[in-house]
Amino acid sequence: MMIDAFAPECITEIAVDSIFMMPHLGVLSTVNEAAATEVFDKDCIIYLGTCIAPVGQYEAKGDVMEVKLDYEDGTESHFVMEAGTIKKIELGPGQAVEAVITPTQRNVDVGNGEGRAWHGTLRGGVVGLVFDTRGRPINIASSPEERAPLLQSWVEEMDEYPTAEEVR
């Protein structure tokens, strides 16, 4: 919901204030900065994860970016993202992965300029990593015949609703 509402671009870490504590910590910081910082780090912020959403006028069909992830345990992951898709990767709070994200179209920016690869660390969170090539603004098919299956595929990929087995 936050990704759809805020439409973050390039590499964006997403977090929430757990119980609307930040304004109060701002006041506390004027009295005891160390205490405010400790509460902020340990109790206030919940890291949801990182959204990777390339920007640019890329083709509605076809590959947008190539992703290579090197995990702390030595394993690797490599995949290509097509336009109009979303992919969630489990990566919990406190976990990180080294990434190389390379645009496959010259006018696409993944965070280091058009057509240039981005190298860096992606941090996980409660949701994990979300790779989003739906465009900005998000491109939604106009006809109901195309729109319904597209939206359903996004819902399933993000695991938005529990299955009957998970509810039991």
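The values are calculated or read from the model by the stated rules, or taken from the named source; none is laboratory data. For clarity, every value in this text was computed on a predicted model and none was experimentally measured. As a convention, Cβ positions derive from the backbone with ideal geometry for all residues, glycine included, and neighbour counts pool all protein chains shown. Just the protein is used for accessible areas: all its heavy atoms, side chains included, with ligands, DNA and RNA removed. Shrake-Rupley method; radii C 1.70, N 1.55, O 1.52, S 1.80 Å.
The table below gives the values:
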| read-out | value |
| --- | --- |
| For the range 18-120, accessible area per residue (1.4 Å probe, heavy atoms of protein chains only), Å² | 59 Å² |
| FRET efficiency estimate (nearest 0.05) - Cβ-Cβ, residue 70 to residue 163, R0 35 angstrom | 0.65 |
| Cα-based convex hull, the range 35-102, per residue volume (Å³, whole number) | 120 Å³ |
| Rounded tilt (10° steps) of 144-158 against the dominant C-alpha axis of the chain | 40 degrees |
| Value of Rg to Rh for the chain (Rh from inverse mean 1/r over Cα pairs, i.e. Kirkwood) | 1.03 |
| Chain lengthening between residue 116 and residue 96 when straightened (0.36 nm per residue, less Cα-Cα) | 5.0 nm |
| Helical mean residue ellipticity (222 nm; -39500 (n - 2.57) per DSSP H run of 4+; nearest 500) of the chain | -6500 deg cm²/dmol |
| With Cα atoms, 0 to 90° folded angle of helix 22-31 axis to the chain main axis | 40 degrees |
| Selection from 71, 97, 11, by position along the positive dipole direction of the chain (Cβ) | 11 |
| Residue-by-residue Karplus 3J(HN,Hα) for the range 103-112, coefficients 6.51, -1.76, 1.60, Hz, glycine and proline x | x, 9, 10, 5, 9, 9, 10, 9, x, 10 |
| Alpha-carbon centroid distance for the pair the range 137-165 / the range 1-69, whole angstrom | 24 Å |
| Radius of gyration, Dmax [the range 1-66; alpha carbons; angstrom] | 17.3, 55 |
| Paramagnetic reach from residue 87 (point 7 Å along Cα→Cβ, amide N under 17 Å) across the range 134-160 | 134-135, 153-159 |
